[in-house]
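Please read the structure below before turning to the comments.
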Amino acid sequence: MKHSAVLKQHAAKFLVLTCLALPLLSQSQTAENPAQKIPATPDMSQDQIRDLIREAAEKDMQNEKKQRDYTYIQREEEHKLDGKDQVKSSESKTYEIMVLYEEPVRKLIARDDKPLSENDTRKEDEKVQKIIERRKNESDNDRQKRLEKQNKEQEDGRQFVKEIADAYNFRFVGEENIEGRKASVIDADPRPGYEPRMKDAKFLPKFHFRVWLDETEKQWVKLDIQCIDTVSVGLFLLRLHKGSSIQLEQVRVNDEVWLPRDVMLKLDARLALLKGVNISEDVTFRDYKKFRTDTKILTIGEAQEQH
């Protein structure tokens with residue numbers, strides 16, 4: 001069970017890495033400078049699309065940053081599959097995502113759509129309590145280091161995304177109406193002769209993706225990433241097989257941000273010499289609520305004293 005979780009974590013990373021291309025396409029203009037709007041059309045050249053991506057690279061973390069201002073419910077449903085991709089077993093977990101000291105924290109609230117027992121609920125509360133205590137007593141130096149680590153991870157993401165422009169050839173496919181909004185559909189295929197600069201970027205030629213862009217706001221609405229060749233990491237450490245995929249959908253929240261609504265992962269992989277895993281997973285997000293920055297975070301003891 002432990003090895004399976006590790007495998008899923010590593011393999012999903014390389015699928016999700018390609019998702020970093022999305023915000024670049026989606027945030028290609030700002031409201032302050034509408035003259036920079038460039039619609040996705042059949043007349044759009046490769047250089048125009050690449051310029052759009054490069055120009056948007058500095059804004060690719062805006063949605064992720066804004067998501068940290070929201071609490072929401074996240075439900076994960078995992079299906080274990082047999083060799084014919086038929087479901088052998090299923091389980092689900094539901095989490096409450098809360099914002100504690102500028103970071104999202106997951107609290108398990110249900111298994112297989114049934115509320116946790118009183119004992120398990122207490123354990124989850126204790127986990128959250130430990131995080132509150134740790135952050136509450138965090139020194140200025142430790143907080144600075146934590147934030148610097150976050151900033152470095154974001155910058156690494158930006159640099160990775162910049163490589164998307166060079167790693168793919170882009171093609172306008174057409175238009176689709178998604179929930180009453182017009183979206184442009186763009187395909188990205190690995191570009192022959194691409195030479196990666198970043199270590200993780202060497203996996204990009206192993207993936208193809210299609211993105212749906214809201215034509216009014218240039219935000220990505222849907223994404224479909226397909227693994228088109230075996231991805232090997234390290235010396236027999238991880239093998240992500242052809243056919244693994246991830247599909248994502250976003251929704252506009254509070255007229256200010258686009259946030260995840262559904263993520264569907266199909267994973268066929270093997271870690272080291274261990275038995276491989278073949279799973280599908282559906283993650284849904286709902287009940288987004290903006291977290292008030294002036295809200296005081298109380299420990300369990302403090303909350304009890306107020307009642």
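Starting from the exponent 0.38 and prefactor 2.2 Å, build the expected Rg for region 131-189 from its residue count and divide its actual Cα Rg by it.
Ratio of Rg to 2.2 N^0.38 Å for region 131-189: 1.97.
Quickly rank 207-220, 102-115, 80-93 as a protection proxy: mean count of other C-beta atoms within 10 Å, highest first.
In descending order of packing, they fall as 207-220, 102-115, 80-93.
Kindly flag which residue pairs out of Lys80/Lys145; Lys123/Lys149; Lys149/Lys290; Lys149/Lys182 have an alpha-carbon separation exceeding 31 Å in this structure.
Where the Cα-Cα span goes over 31 Å, the pairs concerned are Lys80/Lys145; Lys149/Lys182.
Looking at this model, which pairs from Lys65/Lys206; Lys136/Lys162; Lys88/Lys114; Lys136/Lys218 are more than 32 angstrom apart at the alpha-carbon?
Lys136/Lys162; Lys136/Lys218
Add +1 for every Lys or Arg and -1 for every Asp or Glu among the other residues with Cβ under 13 Å from the Cβ of Val221, and state the total.
Value of the local net charge: -2.
Hey, rough spin-label estimate for Gln159 and Asp287, points 7 angstrom out along Cα→Cβ, what's it come to in nanometres?
4.0 nm
Note down the nm distance, to one decimal, between modelled labels 7 Å out along Cα→Cβ at Asp255 and at Lys182.
Going by the 7 Å Cα→Cβ label model, 2.2 nm.
Ranked highest first by the average count of other Cβ atoms within 10 Å around their residues, in what order do 133-140, 282-289 fall?
282-289, 133-140
Computed from the coordinates by the stated procedures, all read-outs in this text should not be read as laboratory data. A quick note: this is a predicted structure, and the numbers were derived from the prediction, not measured. Quick reminder, even Gly has a Cβ in these numbers, built from the backbone with ideal geometry, and neighbours come from all protein chains shown.
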